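Working notes, beginning with the structure itself.
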Amino acid sequence: MGCTLSPDEILDDFKTFYYETALSASDVNLKAIDNFVQKDHILFGTDFPGKFSHSSMHVRGIDNYL
């Protein structure tokens, strides 16, 4: 597709992005992003206004991970 970056350069670039946690509060997802980027690149997100039950479940998942 014309990309001149190597796979390692692409991954390094992805590590500069900011990632939010909306709908991703499982241990597997949080551990993966925690191991991939610096902690200051992980943002809290809930996808509000959604169903309250989804938001509260999401917050519990993050609390349990921390």
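Just one residue in the set D63, D13 is at negative phi, in a helix (DSSP H, G or I) and modelled with pLDDT of 95 or more; that residue is D13. On the stretch given as segment 16-33, residues that are of a type outside the set (D, E, K, R) and assigned to a helix (DSSP H, G or I) total 5. Of all the residues in segment 34-60, those that are modelled with pLDDT under 95, aliphatic (A, V, I, L, M) and assigned to a loop (DSSP other than H, G, I, E, B) number 0.
The values are calculated or read from the model by the stated rules, or taken from the named source; none is laboratory data. No experiment lies behind these values; they were computed from the predicted model shown.
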